[in-house]
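Worksheet for the structure shown next.
Nothing in this text is a laboratory measurement; each read-out follows from the coordinates by a stated rule. Since the structure is predicted, the reported quantities are computational estimates derived from the model, not experimental observations. Reconstructed Cβ throughout: ideal geometry from the backbone, glycine too, with neighbour counts over all protein chains shown.
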Amino acid sequence: MLMQISAPALETRTVSILGAACGRGARDERCQHGPRVLRQGGLIARLRHEGIDAIWGGTLPAPSGETGIPALQAVSGLCKRLGARVDDLVAEEGFFAVLGGDHACAVGTWSGAARGLSDRGPLGLIWLDAHMDAHLPETSPSGTLHGMPVACLLGHGEDALTSLAGRGPALRPEHICLIGVRSFEDDEAVFLGRLGARVIFMEEVVRRGLDAVMEEALGIAVTGTAGFGVSIDLDALDPTEAPGIGSPVPHGLRADALISALEGLRRRSGFIGIEIAEFNPALDGNGVTAGLINDLLIASIPGGPTP
Ligand SMILES: [Mn+2]
């Protein structure tokens, strides 16, 4: 007699996607076109083909430099609106994905996530990036806001960007872990060191392997928190695999290793959402970076079969 073995029921995989058309955080504003290019490239159809119930929740714009509106005002306005949307999605316990846009949008995403979680507890965050993004206005050589989101989320920087989480900073230093860093200024390292935030440099990723350091980062992000998210700056990846970005730094993460690590993360309880930033379609000649963003998103959305 044949035994009937039913497969374990999978959760329905649903995701609400928000485009953050932010370009004012960088010198090259063309990351603002990222969400539009991804959407027009068939992202939603691709996700649905993978069995994911994907909803495009809209694209939030920021005024371009030609308007004369200062960058801080443009970025903080976008972050405020983005934060309100993410707050609602997190409060409803839906999984969200924010597609940038330059990485300054992270201030909106994770301030909103912190607010949406606040009834349950603090936010944890895994931050994949070639840089520390931990400049203060007074230490930044370029003055660009996409070099500052980690500092802002920890409560340091321009008031318009540190006040979006409601009461107090979006994040506590013991709840964030940076992975893949290989280009930074001393001031940033001193700042994060003083706060006690964990930074896993690229050389440590190479030595220990991405799965091992992700496990450590996950421990940081879930300990004493009510939920955690992942922010991916595409420059964390090796620029040979993700060329459509503004600030390439050689010797980064391998795309297949990151996809596999995300497939591990998506099974963990408390995973609330993901952000993928710094896609510059003008520098993505053959569309390889856009394709990779699709793959990263598919790998991240909870409820899929375990690899
Ligand atoms: Mn970044």
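Mean residue ellipticity, 222 nm, helices only, the chain: the sum of -39500 (n - 2.57) across DSSP H runs of n ≥ 4, divided by residue count and rounded to 500, is -10500 deg cm²/dmol.
Among the cysteines of the chain, 31, 79, 152, 177 have no other cysteine beta carbon within less than 4.7 Å of their own. Of all complete DSSP H helices in the chain, those with a Cα span along the helix axis of 27 Å or greater and a mean Kyte-Doolittle hydropathy of 0.0 or more are 71-91. Each of 69, 176 has some number of other Cβ atoms within 10 Å of its Cβ, and from fewest to most they run 69, 176. This ranking places 144, 14 by how few other beta-carbon atoms lie within 10 Å of each, fewest first, which gives 14, 144. Across the options 100, 139, 52, the greatest Cα extent toward the positive end of the charge dipole of the chain (unit charges at beta carbon of Lys, Arg, Asp, Glu) belongs to 52.
Spin-label model, residue 212 to residue 286: label points 7 Å out along the Cα-to-beta-carbon direction sit 3.4 nm apart.
Other residues within the sphere of radius under 14 Å centred on the Cβ of residue 195, judged by their own Cβ, net out at -1 (K and R +1, D and E -1). In terms of surrounding Cβ atoms within a 10 Å radius of their Cβ, 207, 266, 13 rank from fewest to most as 207, 13, 266. For the range 260-288 versus the range 156-216, the spacing of their alpha-carbon centroids is 18 Å.
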